[in-house]
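The values are calculated or read from the model by the stated rules, or taken from the named source; none is laboratory data. Fair warning: this is a prediction, and the values are worked out from it, not measured in the lab. With ideal geometry, Cβ positions are generated from the backbone for all residues, glycine too; neighbour counts draw on all protein chains shown. With ligands, DNA and RNA removed, areas are computed over all heavy atoms of the protein, side chains included. Shrake-Rupley method; radii C 1.70, N 1.55, O 1.52, S 1.80 Å.
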Amino acid sequence: MQNIETLEELESLKQSQDALLILFGGKDCNVCHSIKPKLIDLMAENYPKVMLVYVDCHVVTDVCSQNGVFTLPTLQVFFTGQRFIEEVRSFSLHKVMQDIERPYTMVFSD
């Protein structure tokens, strides 16, 4: 999972990647730290073509505010530059995996 340092870097990835998952978290967010490794494992197992990035909102507050993130954790999933999923605060990783399935299949159908 790549760490994002600037708003420009994140915006560039949103436009250039076919599939992008962004986890907005923080160093003091225990939930963020507990779901991050689970999310990495689930995505690698189920959706390996999705690029995963992490934004630490305590370090780069401008990136979080420009993306409308004011509660942690926040998870956003983009396909072909469009946001398909946004989950805030308490959410089920199982439901996120289910929600990703259809757009993932459409984008990466061979």
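Heavy-atom accessible area for D56, with the other protein chains in place and a 1.4 Å probe, reaches approximately 30 Å². Straight-line cross-link partners of K14 among the aspartates and glutamates, defined as a Cα under 18 Å from its Cα and at least 8 positions apart when in the same chain: E5, D56, D62, E86, E87. The overall shape of region 18-65, judged from the alpha-carbon gyration tensor, is oblate: a/c is not under 1.5, and a/b is no greater than b/c.
One entry in (1) 13.5; (2) 17.4; (3) 13.9 is Kirkwood radius over Cα pairs in Å calculated from the shown coordinates; its label is (3). The charge dipole of the chain, taken about its Cα centre with unit charges on the Cβ of Lys, Arg, Asp and Glu (plus for the first two, minus for the last two), comes to roughly 300 debye. Between I100, I35, I22, the GNM of the chain built on Cα springs shorter than 10 angstrom shows I35 fluctuating the most. Model label points for M97 and I40, set 7 angstrom from Cα along the Cα-to-Cβ axis, are 1.8 nm apart.
With both bridge residues required to lie in the chain, what share of the DSSP beta bridges run antiparallel, to the nearest 5%? Of those bridges, close to 60 percent are antiparallel. Taking all protein chains together, M97, M1, M106, M51 sort by accessible area into M106, M1, M51, M97, largest first [probe 1.4 Å]. Proximity of backbone amide H atoms, modeled 1.01 Å from N, is registered between A19 and M51, T80 at under 5 Å, excluding neighbours fewer than 5 places apart on the same chain. Excluding residues fewer than 8 places away in the same chain, name every one of the lysines whose C-alpha is closer than 19 Å to that of K38. Here the lysines satisfying the reach criterion relative to K38 are K27, K49, K95.
Scanning the chain for long hydrophobic helices, with DSSP H runs required to stretch 18 angstrom or more by C-alpha along their axis and to average at least -1.0 on the Kyte-Doolittle scale, returns 30-46, 93-107. With a 1.4 Å probe rolled over the protein heavy atoms of all chains, the accessible area of V107, V59 falls in the order V59, V107, largest first. Rolling a 1.4 Å probe across the protein heavy atoms gives the chain an accessible surface of 55 Å² per residue. Since only V50, V96, V60 are under comparison, the one whose Cα sits farthest along the positive direction of the charge dipole of region 4-110, derived from C-beta charges on Lys, Arg, Asp and Glu, is V96. A Gaussian network model of the chain, with springs between Cα atoms under 10 Å, assigns the largest mean-square fluctuation among E11, E86, E45 to E45.
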